[in-house]
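Asker: Here's a structure for you.
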Amino acid sequence: MSERKKVKARHCGSKRSPYSPREMAQFIDQTLLKPQATEADIIKLCKGAIKYGFHAVCVHPYFVPLCKAILAGHDTKVATVIGFPLGMSLKSVKVDEAMQAIYYGAQELDIVMNLGAVKSGNWEFVEKELSEIISSSRPALHKVIIETCYLTDREKPVAAEIAVASGAKFVKTSTGFGPKGATVRDVKLLKATLGDRAEVKASGGIRDLAGMLKMMSAGATRIGTSAGEEIMGEVLCA
């Protein structure tokens, strides 16, 4: 193999996608939630999303108006996070945050389930809170982040069931701020729990095409990643 081909092989990786580049891009929520992100970083994020046709960009609420302005006229949606990253803001604050996010242009909301309430077994509060947040912010598409790395295998299905009962269309594995992100095992568990009633978004630690395809094979239909452009680079090498 020539040196040029070796370099290309290293860049592209060994995995190949069974989907077209356009189809692959539609699985991706290109994400930038780093606390040090700047307006220049967000502009770059949106331009990359337009270039590849990502399903959405996911940013902090502060950047929603900027993303809305840049993405106007394009298919990529604006997603933001609510109660991020622990979900333990007051319920009224989370409800207002969701309403404000919709007002300023967010089309999808990734809501962090209240971890303190979950670990305390206060499931009634969790469902009531999520229901209020979701009902106050229609017609957005809602994803509930259950942060699987902190939950037991008994808690994960219960959390997923409550998310669906509250009106969520997706259950999302992780914020990316915990000690561990998405795992194939957790995606399979969530998919088995949810069936066709809701979809699974895998996020946290998915940085290459091989990792993305593993999550999709396990049942994820949306991928949250900060490496969307790099993944698409691999897809386009095929």
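The values are calculated or read from the model by the stated rules, or taken from the named source; none is laboratory data. Fair warning: this is a prediction, and the values are worked out from it, not measured in the lab. Methodologically, a virtual Cβ is constructed for each residue, glycine included, from the backbone with ideal geometry; neighbour enumeration extends over all protein chains shown.
Asker: Only residues that are assigned to a helix (DSSP H, G or I) and closer than 12 Å to GLU229 by Cα: list them for segment 22-61, please.
Answerer: Result: MET24, ALA25, LYS44, LEU45, CYS46, LYS47, GLY48, ALA49, ILE50, LYS51, TYR52.
Asker: Check whether at least one residue in segment 188-201 is in a helix (DSSP H, G or I), hydrophobic (A, V, I, L, M, F, W, C) and under 14 Å from the mean Cα position of the chain (by Cα), and report yes or no.
Answerer: No.
Asker: Next up: Checking the condition surrounded by 22 or more Cβ atoms within 10 Å (Cβ to Cβ), in contact (Cβ under 8 Å) with a residue 12 or more places away in the chain and basic (Lys, Arg), which residue from LYS188, LYS180, LYS172 passes?
Answerer: Checking each option against the conditions leaves just LYS172.
Asker: Residue by residue through segment 202-229, note down the ones that are in contact (Cβ under 8 Å) with a residue 60 or more places away in the chain and in a loop (DSSP other than H, G, I, E, B).
Answerer: ASP208, SER226
Asker: A further question on this structure: Looking only at segment 55-64, count every residue that is of a type in the set (A, V, I, L, M) and surrounded by fewer than 24 Cβ atoms within 10 Å (Cβ to Cβ) and tell me the total.
Answerer: Total satisfying the criteria: 1.
Asker: Condition first: among the small types (Gly, Ala, Ser), surrounded by fewer than 22 Cβ atoms within 10 Å (Cβ to Cβ) and in contact with a Ser or Thr (Cβ under 8 Å, 6 or more places away or on another chain). Now tell me which residues in segment 99-149 satisfy that.
Answerer: SER131
Asker: Quick one: is TYR52 at pLDDT below 95, aromatic (Phe, Trp, Tyr) and surrounded by 12 or more Cβ atoms within 10 Å (Cβ to Cβ)?
Answerer: Judged against the criteria, TYR52 is not a match.
Asker: Out of segment 65-77, which residues are surrounded by fewer than 23 Cβ atoms within 10 Å (Cβ to Cβ), assigned to a helix (DSSP H, G or I) and under 17 Å from the mean Cα position of the chain (by Cα)?
Answerer: Selection gives nothing.
Asker: I'd like to verify a number: residues in segment 78-96 that are surrounded by fewer than 21 Cβ atoms within 10 Å (Cβ to Cβ), touching a residue at least 12 places away in the same chain (Cβ under 8 Å) and not in a loop (DSSP other than H, G, I, E, B), how many?
Answerer: 2
Asker: Do the conditions hold for ALA37, that is, is it among the hydrophobic types (A, V, I, L, M, F, W, C) and modelled with pLDDT of 95 or more?
Answerer: yes
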